[in-house]
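Presented below is the structure to which this report refers.
The values are calculated or read from the model by the stated rules, or taken from the named source; none is laboratory data. Given the structure is predicted, the values throughout are model-derived calculations rather than measurements. Note that we place each Cβ from the backbone using ideal geometry, even for glycine, and neighbour counts take in every protein chain shown.
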Amino acid sequence: MRTLTKRVFNTSRATAETTAETDQSQEAAMSEPLLALRIESESTGTGEAFGRLEGDEPVARDTVTPRPARENSRHAQAHESAIKHVTGRARYIDDLPAPHGALHAMVGLSDVAHGRITRLDLGAVMEMPGVIDVITAQHIPGHRDIGPVFPGDPMLADEEVSYVGQPLFAIAATSYLEARRAVKAAVVEIAPLPPRFDPVAAADAGEFVRPTHVQMSGDWQQALEHAPHVLEAEQFVGGQEHFYLEGQACLVVPGEDEGVTVYTSNQHPSETQKLVAEVLDIPFHAVTVENRRMGGGFGGKETQAAPWACMAALLARRTGRAIRLRLPRAEDTRATGKRHPFHNRYRLGFDDEGVILGGDMTLIGDCGHSPDLSEAVVDRAMFHADNAYSLGAARVTGHRARTHMASNTAFRGFGGPQGMMIVEQAMDDIARHVGEDPLTVRKRNLYRIGRDTTHYGQHVDQYPLMVEIIERLERSSDYWQRRDEIRAFNRQSAVIKRGLALTPVKFGISFTAKHLNQAGALLHVYTDGSVMINHGGTEMGQGLHTKVCQVVARELGIDFESVRISATRTDKVPNTSPTAASSGADLNGMAARDAATQIRQRLLDFAAEHYQFDREGLHLENGKLVSDIGAVTPAVSWGELIQAAYLGRVSLSATGFYSTPLIHYDRDSGQGRPFYYFAYGASVSEVRVDTLSGEYRVERVDILHDVGDSLNPAIDLGQVEGGFIQGMGWLTSEELKWNDDGRLLTDGPATYKIPTFGDLPPIFNVELLEGHPNSQASLYRSKAVGEPPFMLGISVWSALRDALSSLTGYRVSPPLDTPATPERVLMAAEALRAGPANVGASR
Amino acid sequence: MMDHESNPPDTEAPCQSSGVTRRTVMKVGAMSATMVPLGVMVPWKASAQPLDDKRQPAPGLAAGNVVEISPRINGTRRTLRVDARTSLLDLLRERLDLVGAKKGCDHGQCGACTVHVNGRRVASCLTLAAKVDGAEVLTIEGISDGQALHPMQQAFIDHDALQCGYCTPGQIMAAIACIEEGHASNAATIREYMSGNICRCGAYNGIVAAVEQIARSVREG
């Protein structure tokens, strides 16, 4: 029996436990001979499955052989800032003491979705009490367009406005209240132009922010022609507001040269450094960007934290004073982009068993007014239109529709969840059509031998894991027994209907923009033996800094407490990638490991010579120098070794670097291996629906999730639980509403409902799959955990459809757009009661 | 942090202890307007001496809007002059450097600003500073005893009841109150009575477990 790291939570037993760790790698080898063999054969076969392409660097060598689990890395180490968090001493941007004379900035936003600015009179603003400076696009010395990847995002609107909430001007005043008041004195006249809010109409009209992309595998038309059954349907998948609890905020301090130091709540300091420098027309080295932690990011601070830093930086340079900028919640919500809403369609052919033979899928992402990250977001939706299933001979088309909305952006999953939704709808629909349980059809469609390559040409490594996860979860959640009970219950109950669904997740790990898959680290050992590590990743609550400190402690054989991270700073580690795509630990942990490995080698080389020890077998463990061959006498502690190394003039500082091997993708052919590996998981949700009111409750959730060999089970469990809850919120209660003028109405927690304690399933069993190390040479064979669990929430939506379907004796698969609010559930129920002719779509 | 000397002289008026009752808000306000320098009327962080000659007093902040209050904050009596419209949250964060309570939504809907006033939990962003005159105010900074953590703080660490940490001070203040109110008898009750505090990271499981553990230890003495 493998041990599972699990947290069981329910009202009756109310226990929360984390089982003791065991030596997983050995146990894995014993209990999983097939998998272990598979790993071996791959490592010796192609020669490229592990490590870097060259294959001979220390990082690569070390990862081929799993190290014994003696290191403290496997401990469920608490968050490195935990004590600061619980005492209120952890400082976020707005908690930082500002320098003397700091000013408060505020931003004037457009009230019109689309139009031409005919008058922008800020004379009255300048006369308002406390106002020191006012800027418009005309005052920008450098780049006016701060589009992060492609142009299209003016820092301040110049002639045309493209959405309600678009920044028009910014001011600096001596107090926050004065700044807020002064903004309202602006005289703004905008001649309206016809706005476009419907992405489908935009796509029909060819209004795109980026060109359409197509992926194809085999002859999809022939597959459709010859398929015994063909179904088609469409769905609307709603967006999502990030609602990071710490809003967009920065503090910019002008420096003694032409530059600035920017403290910002930000997932991408290097990009903000670049954009600030370009706006100010100064070299990058004149701008330093620092982030210690964020009060939540979720993708909302990947590109969209930069504009505020740019505005504050310009005001700081002009006034010579520090600038604080903190957006009020409602303005933050209106001015920044969200998760892309999607309109998806499928037309799929399948056999009598419900196995997909091929077909066509179209995904239309609502990108808002500019490209931002939408090229990659829609790509990732396309890469996940298969989720865990082989699509056979399929074509997947992704459109990037331009609408007059805030530019939609990264959000945990980055399009992946929206792409998965269409195939999960198809699974339910096909199951109803062939008269099988949806789980049966899902299992039949999973990647397997002979059907193990995606529609974009990537071989699905470790696909047997998906089968194992589902089968174990079937058993642990009593799926079939509960299925029988629920069917019996629903036959008796006219109004209250229960629903059950198991949905899998297969999520590709790597930035699909290849160049972003790199990371750097900077490691210093000071002469008292304390260690400072800096890396390119940012901390937003996901525990990245904790994991990186664990890595360094493990490599150097010292306590976790001996290792510290100061902050993420562009002057410590340059040219970094955003902390995104779940890759924070994969990339930065590897870079930190590289740096620590160099230091370790230096120290051991030095020790062998200095103390006359045999170099072979020498290593660092538990704060001491030890040897596998013979005793180290006299004993040498870490501190003594460092002292001696310093006196011996050994460099105690190193930079580390990592780039993900093997990945490639050719956009022209739509084929490649964009992902280093896949992370897997599955969830079972049970719901209870009042079909006369549409109200429902999630009664029980069971999750089994794959994180490879966990770097930190406590943190990973938190990511899985939190990801599920956020995904559930996206599909159920979090509804974005705009009025006919394109103004967001749900701009605060009173109207935008994110899950709260009461939405927690009363029974919530979450386990990490153990004993299955990553088949690729990732950081200690771990897997990324930031985004994949988000999509576990899809089982709640599918369970709602299941409950609704019971109204028709499970013959009809009801369309259910998201978020599946009680209102939408009620409308779906009424349509079903009115008869199949009124159900539309999937018949 | 708590002593008078550390506050900028122009954002915190000297303590005036004699003769003013807590009920004479308007009278005190009028008096203050004539007595104290300009900066007092703008009790925000950046209102240190104006560096720009252009700066004029904000008309809306002049006479009649300043009150003197004397709450006990984390056990220390403070006498403060504040704009009558200042929220307790802004008083704590902008004047007293007690930044543990966070401004999440500023509309009393997220719970990140939760503190205790006379033993009851309140959303400090919706509580006027003027209303805590004479009251006991307890913030996250005041619940631990020196270096020793409050049991609820330790329980949050032990149960991984946090991720980004931004909601955590508010969650802990709400959790302590939740138990003191007698609303922590089981997980379902805890979920109901903690529902005013949002955690966007979704660390709810751990928080409920932490509250349950402390509630149990309180029950069992």
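List of remarks:
- Considering segment A:328-435, the qualifying helices (runs of 4 or more DSSP H), each wholly inside and each with 2 or more residues that are basic (Lys, Arg) and within 30 Å of residue A:740 (Cβ to Cβ), run over A:329-335.
- Every condition in (1) touching a Lys or Arg at 6+ places or on another chain (Cβ under 7 Å); (2) outside any helix (DSSP H, G or I) holds for residue A:94 except the one numbered (2).
- Any hit, segment A:303-314, residues being within 14 Å of chain B (Cβ to nearest Cβ), surrounded by 23 or more Cβ atoms within 10 Å (Cβ to Cβ) and farther than 28 Å from residue A:173 by Cβ: no
- Residue match in segment A:116-123 (condition: of a type in the set (Ser, Thr, Tyr) and within 14 Å of chain B (Cβ to nearest Cβ)): no
- Screening segment A:84-111 for residues that are among the aliphatic types (A, V, I, L, M) and at the interface with chain B (Cβ under 7 Å from one of its Cβ atoms) and picking the one that is surrounded by the fewest Cβ atoms within 10 Å (Cβ to Cβ) gives A:98.
Here is a yes/no grid of residues against (1) touching a strand residue (DSSP E or B) at 6+ places or on another chain (Cβ under 9 Å); (2) farther than 30 Å from residue A:653 by Cα; (3) surrounded by 17 or more Cβ atoms within 10 Å (Cβ to Cβ):
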{"residue": "A:423", "(1), (2), (3)": "yes, yes, yes"}
{"residue": "A:447", "(1), (2), (3)": "yes, yes, yes"}
{"residue": "A:450", "(1), (2), (3)": "no, yes, no"}
{"residue": "A:457", "(1), (2), (3)": "yes, yes, yes"}
{"residue": "A:465", "(1), (2), (3)": "yes, yes, yes"}
{"residue": "A:474", "(1), (2), (3)": "yes, yes, yes"}
{"residue": "A:500", "(1), (2), (3)": "yes, yes, yes"}
{"residue": "A:517", "(1), (2), (3)": "yes, no, yes"}
{"residue": "A:523", "(1), (2), (3)": "yes, no, yes"}
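- One residue stands out among those in segment A:315-326 that are outside any strand (DSSP E or B) and within 11 Å of another protein chain (Cβ to nearest Cβ): the one that is nearest to residue A:264 (Cα to Cα), which is A:322.
- Residue A:345 being touching a Leu at 6+ places or on another chain (Cβ under 6 Å) and at pLDDT 95 or above: no
- Residue B:138 modelled with pLDDT of 95 or more and more than 9 Å from chain A (Cβ to nearest Cβ): yes
Condition check ((1) under 30 Å from residue A:460 (Cα atoms); (2) free of Cβ contacts under 8 Å to residues at least 24 places away in the same chain) across all residues:
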| position | (1), (2) |
| --- | --- |
| A:488 | no, yes |
| A:498 | no, no |
| A:512 | yes, no |
| A:526 | no, no |
| A:532 | no, no |
| A:535 | no, no |
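- One residue from B:192, B:181 being touching a helix residue (DSSP H, G or I) at 6+ places or on another chain (Cβ under 8 Å), at the interface with chain A (Cβ under 7 Å from one of its Cβ atoms), modelled with pLDDT of 95 or more and more than 24 Å from residue A:712 (Cα to Cα): B:192
- Meets criteria (more than 7 Å from chain A (Cβ to nearest Cβ), of a type in the set (Ser, Thr, Tyr), closer than 24 Å to residue A:296 by Cβ and touching a helix residue (DSSP H, G or I) at 6+ places or on another chain (Cβ under 9 Å)) for residue B:166: no
- Close pairs (9 angstrom Cβ cut-off, 6 or more residues apart or separate chains): within 12 Å of another protein chain (Cβ to nearest Cβ) in segment B:86-99, among the hydroxyl-bearing types (Ser, Thr, Tyr) and in a helix (DSSP H, G or I) anywhere: B:90/A:176; B:94/A:176; B:97/B:6
- Within segment A:97-127, the set of residues being assigned to a loop (DSSP other than H, G, I, E, B) and under 28 Å from residue A:139 (Cα atoms) comprises A:98, A:99, A:100, A:101, A:102, A:110, A:111, A:112, A:113, A:114, A:122.
- Residue A:702 vs. criteria in a loop (DSSP other than H, G, I, E, B) and not hydrophobic (A, V, I, L, M, F, W, C): no
- When A:812, A:785 are checked against the criterion of being closer than 29 Å to residue A:267 by Cβ and assigned by TED's automatic domain parsing to the domain that holds residue A:437, A:785 stands alone in meeting it.
- Residue in segment A:730-738 that is in a strand (DSSP E or B), more than 10 Å from chain B (Cβ to nearest Cβ) and in contact (Cβ under 8 Å) with a residue 40 or more places away in the chain present: yes
- Each residue in segment A:691-727 was checked for being more than 9 Å from chain B (Cβ to nearest Cβ) and aliphatic (A, V, I, L, M), and 8 of them qualify.
- Just one residue in the set A:798, A:775 is in the same structural domain as residue A:473 (by TED's automatic domain parsing), surrounded by 24 or more Cβ atoms within 10 Å (Cβ to Cβ), of a type in the set (Gly, Ala, Ser) and in contact (Cβ under 8 Å) with a residue 40 or more places away in the chain; that residue is A:798.
- Qualifying positions in segment A:209-255 - within 24 Å of residue A:289 (Cβ to Cβ) and over 21 Å from the mean Cα position of the chain (by Cα): A:250, A:251, A:252, A:253, A:254, A:255
- For the condition free of Cβ contacts under 8 Å to residues at least 24 places away in the same chain, more than 27 Å from residue A:705 (Cα to Cα) and within 27 Å of the chain's Cα centre (by Cα), residue A:751 qualifies.
- Within segment A:371-389, considering residues that are of a type in the set (Gly, Ala, Ser) and surrounded by 24 or more Cβ atoms within 10 Å (Cβ to Cβ), the one nearest to residue A:230 (Cα to Cα): A:385
Table: residues versus (1) among the aromatic types (Phe, Trp, Tyr); (2) more than 15 Å from residue A:754 (Cβ to Cβ); (3) part of a helix (DSSP H, G or I); (4) more than 9 Å from chain A (Cβ to nearest Cβ).
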position: B:173; (1), (2), (3), (4): no, yes, yes, yes
position: B:196; (1), (2), (3), (4): no, no, no, no
position: B:215; (1), (2), (3), (4): no, yes, yes, yes
position: B:221; (1), (2), (3), (4): no, yes, no, yes
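- Matching residues, segment B:200-213, being buried (at least 23 other Cβ atoms within 10 Å of the Cβ) and more than 8 Å from every other protein chain (Cβ to nearest Cβ): B:210, B:211
Residue-wise test of (1) modelled with pLDDT under 95; (2) farther than 29 Å from residue B:165 by Cβ; (3) out of contact with any Phe, Trp or Tyr (no Cβ under 6 Å at 6 or more places or on another chain); (4) assigned to a loop (DSSP other than H, G, I, E, B).
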| residue | (1), (2), (3), (4) |
| --- | --- |
| A:152 | no, yes, yes, yes |
| A:172 | no, yes, yes, no |
| A:190 | no, yes, yes, no |
| A:200 | no, yes, yes, no |
| A:203 | no, yes, yes, no |
| A:236 | no, yes, yes, no |
| A:250 | no, no, no, no |
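- Test: residue in segment A:782-796 that is of a type in the set (Ser, Thr, Tyr) and in a loop (DSSP other than H, G, I, E, B): no
- Qualifying position, being in contact with a Leu (Cβ under 8 Å, 6 or more places away or on another chain) and modelled with pLDDT under 95, among A:770, A:686: A:770
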